[in-house]
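Have a look at the structure below, then the notes.
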Amino acid sequence: MEVLFGRNKKEQPEPVRAKVTGKIPTWLQGTLLRNGPGMHTVGETSYNHWFDGLALLHSFTIRDGEVYYRSRYLRSDTYNANMEANRIVVSEFGTMAYPDPSKNILSKAFTYLSHTIPDFTDNCLINFMKCGEDFYVTTETNYIRKINPQTLETLEKVDYRKYVGINLATAHPHYDSAGNVLNIGTSIVDKGKTKYVIFKIPAAAPDRMKRKSPLQHTEVLCSIPSRSLLSPSYYHSFGVTENYIVFLEQPFKLDILKMATAYIRGVSWASCLTFHREDKTYIHIVDQRTGKPVSTRFYTDPMVVFHHINAYEEDGCLLFDVIAYEDSSLYDCFYLDNLKQGFEGNSRIVPVPTLKRFAVPLCMDKNAEVGSNLIKLASTTARALKEKDDQVYCQPELLCEGLELPQINYAHNRKRYRYVFAFEVQRSPIPNKILKYDILTKSFLRWGEEHCWPSEPVFVPTPDAKEEDDGILLSAIVSSDPQKLPFLLILDAKTFAELARAYVDVDMHLDLHGLFIPDTDWDPRKQAPSQEVQDRASSQTGQA
Ligand SMILES: CC1=C(/C=C/C(C)=C/C=C/C(C)=C/C=O)C(C)(C)CCC1
Ligand SMILES: [Fe+2]
């Protein structure tokens with residue numbers, strides 16, 4: 001547990017050349033960026049939850065069969081304030097922190113008043129976002145941080161609120177074929193009009209010559225009022241099809257009143273999240289062409305979804321695949337005390353993730369009888385049952401169980417697709433495996449090795465890809481055996497044959513999400529690493 005989750009990781013800002021075994025395909029040239037928590041203790045203070053840890057970015061640059069690794073802590077305002085104070089002074093998901101612990105209750109109450117609309121953290125530890133030519137790291141607050149994807153250095157802090165009225169946003173934006181970013185956020189402070197806001201950031205600012213950021217051209221596509229003004233739903237991702245957006249208003253909710261008093265009560269933001277098992281999950285479908293939500297009220301049973309996998313349209317229906325849980329207990333598993341217990345053999349029951357396919361009709365047959373199934377597709381057993389008052393109850397098809405951190409060939413996002421690449425979730429706390437799930441044949445391919453803890457597998461297509469799985473998978477593997485170095489694993493995505501490993505003698509952390517940037521996407525002036533850097537890296541490997 002200490003090695004994997006607890007101990008602070010050492011950053012490696014200078015590139016290190018990896019020891020490659022096997023053969024890296026020559027077409028594979030680019031950089032895999034990954035993000036996740038790397039530090040859970042500052043001075044004498046420790047975070048409570050794994051999602052609280054300070055963001056540690058790492059990258060694998062693959063060039064001409066060689067791999068160069070680096071890692072750097074995000075120099076967020078949060079990181080800098082913590083380092084300066086030598087203790088945790090900024091609140092995170094599972095840890096409430098106080099800038100001045102010597103304050104008495106009255107002055108705490110006073111500070112609380114100025115925290116009613118709290119200034120959230122900019123510790124962007126979850127994912128990356130490409131926005132025009134720029135790269136950002138993301139979390140779920142109103143802040144993103146621009147980074148240099150080559151050196152992993154921290155650049156400007158960006159407050160979404162300057163461009164769109166939101167206090168929270170997902171760390172999982174989508175991209176359309178033109179590279180425009182689509183995302184969704186929650187507005188909780190607009191005079192009690194709590195709403196979800198779907199917004200678009202253009203790939204390039206129209207007035208690019210003036211060197212303006214595309215963020216300045218952010219447009220609101222649609223706003224959906226929250227069903228409850230004081231408790232909007234929590235969500236971690238959403239789905240997009242060619243013409244629509246899928247947003248689940250799930251019964252896992254943020255209690256705004258609890259949030260407003262959390263600081264004075266000394267409890268974390270996480271404690272303001274509640275799963276309401278008596279509630280339903282509402283399915284919102286927004287037409288991107290008109291910016292209007294589809295008027296039919298679709299709903300399903302209570303569930304908690306963190307990751308949408310894909311969504312697409314087929315014969316007048318919209319299908320979407322998600323990884324669903326029966327409740328919100330997944331987030332409890334990630335308290336560091338619980339992770340520790342898991343490793344001492346007292347494993348709490350790990351909730352089962354289930355891949356569910358939902359189908360909703362895009363045109364309602366007004367004459368359909370109450371009780372009839374509106375889905376006539378041969379490809380799915382998912383049903384949408386018409387009820388009175390224009391409501392439709394959606395019953396999903398259960399595809400499989402036991403996978404998380406799903407990835408697809410993103411060229412098939414919004415389209416009919418067949419393969420899910422993911423991380424296998426087992427009930428016992430032994431290292432998990434990487435999976436390929438074939439939705440058509442319902443079969444699996446697996447990769448796993450003793451003591452090896454894989455990260456989310458990222459798919460990179462071959463340049464001349466014809467089939468959906470023509471490509472490779474990249475996964476950073478951390479070892480719980482101190483004798484074994486961490487490595488980048490390169491698998492053939494079609495067969496799961498191992499093509500290569502790139503071992504690095506560094507203190508690698510377990511992470512969350514990543515992004516592969518092919519060299520063809522770089523501005524040639526920013527190509528990395530330079531010959532000089534490569535020389536420096538090789539002399540370092542020589543010393544190691
Ligand atoms: C700081 C903060 C939040 C942070 C949430 C985080 C950091 C969630 C991470 C989720 C992950 C990593 C899920 C993986 O499946 C909230 C609750 C939005 C509310 C306000 C303040
Ligand atoms: Fe995620």
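The values are calculated or read from the model by the stated rules, or taken from the named source; none is laboratory data. In this text, all values refer to a predicted model and were calculated from it rather than measured experimentally. Cβ: placed from backbone, ideal geometry, glycine included. Neighbour counts: every protein chain shown.
Data table
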| item | result |
| --- | --- |
| Lone qualifier among VAL158, VAL197, VAL164 - being touching a helix residue (DSSP H, G or I) at 6+ places or on another chain (Cβ under 7 Å), surrounded by 15 or more Cβ atoms within 10 Å (Cβ to Cβ) and among the β-branched types (Val, Ile, Thr) | VAL158 |
| Which listed residue is under 18 Å from the mean Cα position of the chain (by Cα) and more than 21 Å from PHE358 (Cβ to Cβ), from THR261, THR186, THR218 | THR186 |
| Selection from the range 169-211 of residues that are basic (Lys, Arg), farther than 17 Å from SER226 by Cβ and either at pLDDT 95 or above or not in a loop (DSSP other than H, G, I, E, B) (or both) | LYS200, ARG208, LYS210 |
| Criterion: within 16 Å of ligand 2 (Cβ to nearest atom) and of a type in the set (Gly, Ala, Ser) - qualifying residue of GLY239, GLY179 | GLY239 |
| Hits in the range 136-147 (condition: crowded, with 23+ Cβ neighbours inside 10 Å and more than 16 Å from ligand 1 (Cβ to nearest atom)) | ILE147 |
| Count of residues meeting criterion [within 16 Å of ligand 2 (Cβ to nearest atom) and closer than 14 Å to PHE247 by Cβ] in the range 263-305 | 1 |
| Residue, surrounded by the fewest Cβ atoms within 10 Å (Cβ to Cβ), within the range 425-434, restricted to residues that are modelled with pLDDT under 95 and in contact with a Leu (Cβ under 9 Å, 6 or more places away or on another chain) | PRO429 |
| Odd one out for TYR234, checked against (1) more than 15 Å from ligand 1 (Cβ to nearest atom); (2) under 22 Å from TYR331 (Cα atoms); (3) of a type outside the set (Val, Ile, Thr) | (1) |
| Subset of the range 435-467 (residues that are crowded, with 19+ Cβ neighbours inside 10 Å and of a type in the set (Lys, Arg)) | LYS436 |
| Any hit, the range 498-513, residues being buried (at least 18 other Cβ atoms within 10 Å of the Cβ), modelled with pLDDT of 95 or more, assigned to a strand (DSSP E or B) and within 16 Å of ligand 2 (Cβ to nearest atom) | yes |
| Breaking point among (1) out of contact with any helix residue (DSSP H, G or I) (no Cβ under 7 Å at 6 or more places or on another chain); (2) part of a loop (DSSP other than H, G, I, E, B); (3) under 30 Å from ASN409 (Cβ atoms), for LEU355 | (2) |
| Selection within the range 457-500 - among the polar types (S, T, N, Q) and free of Cβ contacts under 8 Å to residues at least 40 places away in the same chain | SER479, GLN483 |
| Enumeration of residues in the range 437-476 that are of a type in the set (Asp, Glu), in contact with a Ser or Thr (Cβ under 8 Å, 6 or more places away or on another chain) and within 24 Å of HIS509 (Cβ to Cβ) | GLU456 |
| Within the range 251-302, strands (runs of 3 or more DSSP E) holding 1 or more residues that are within 22 Å of LEU168 (Cβ to Cβ) | 252-254, 273-275, 281-287 |
| Residue satisfying all of: in the range 303-323; assigned to a strand (DSSP E or B) and touching a Pro at 6+ places or on another chain (Cβ under 7 Å); nearest to HIS49 (Cα to Cα) among these | HIS307 |
| In the range 1-31, the residues that are of a type in the set (A, V, I, L, M, F, W, C) and either in contact with a helix residue (DSSP H, G or I) (Cβ under 7 Å, 6 or more places away or on another chain) or at positive phi (or both) | MET1, PHE5, VAL16 |
| Residue among TYR410, TYR419 that alone is under 20 Å from THR462 (Cβ atoms) and either away from ligand 2 (no atom under 16 Å from the Cβ) or in contact with a Leu (Cβ under 9 Å, 6 or more places away or on another chain) (or both) | TYR419 |
| Sole exception among (1) surrounded by 18 or more Cβ atoms within 10 Å (Cβ to Cβ); (2) polar (S, T, N, Q); (3) touching a Lys or Arg at 6+ places or on another chain (Cβ under 6 Å) for ASN48, by number | (3) |
| Every residue from the range 291-313 that is in contact with a Cys (Cβ under 9 Å, 6 or more places away or on another chain) and farther than 14 Å from PRO251 by Cα | GLY291, LYS292, PRO293, PHE298 |
| Within the range 474-513, tally of residues that are over 17 Å from GLY30 (Cβ atoms), small (Gly, Ala, Ser) and in contact with a Phe, Trp or Tyr (Cβ under 8 Å, 6 or more places away or on another chain) | 2 |
| Candidate set from the range 157-202 (those that are hydrophobic (A, V, I, L, M, F, W, C) and touching a Lys or Arg at 6+ places or on another chain (Cβ under 8 Å)); member that is nearest to ligand 1 (Cβ to nearest atom) | VAL158 |
| Residues of the range 406-445 classified as touching a residue at least 24 places away in the same chain (Cβ under 8 Å), hydroxyl-bearing (Ser, Thr, Tyr) and assigned to a strand (DSSP E or B), total | 2 |
| Some residue of the range 406-414 being within 16 Å of ligand 1 (Cβ to nearest atom) and either buried (at least 21 other Cβ atoms within 10 Å of the Cβ) or over 20 Å from PHE5 (Cα atoms) (or both) | yes |
| Residue selected from the range 366-405 under the condition out of contact with any Lys or Arg (no Cβ under 8 Å at 6 or more places or on another chain), assigned to a loop (DSSP other than H, G, I, E, B) and away from ligand 1 (no atom under 16 Å from the Cβ), by the criterion farthest from VAL304 (Cα to Cα) | ASN367 |
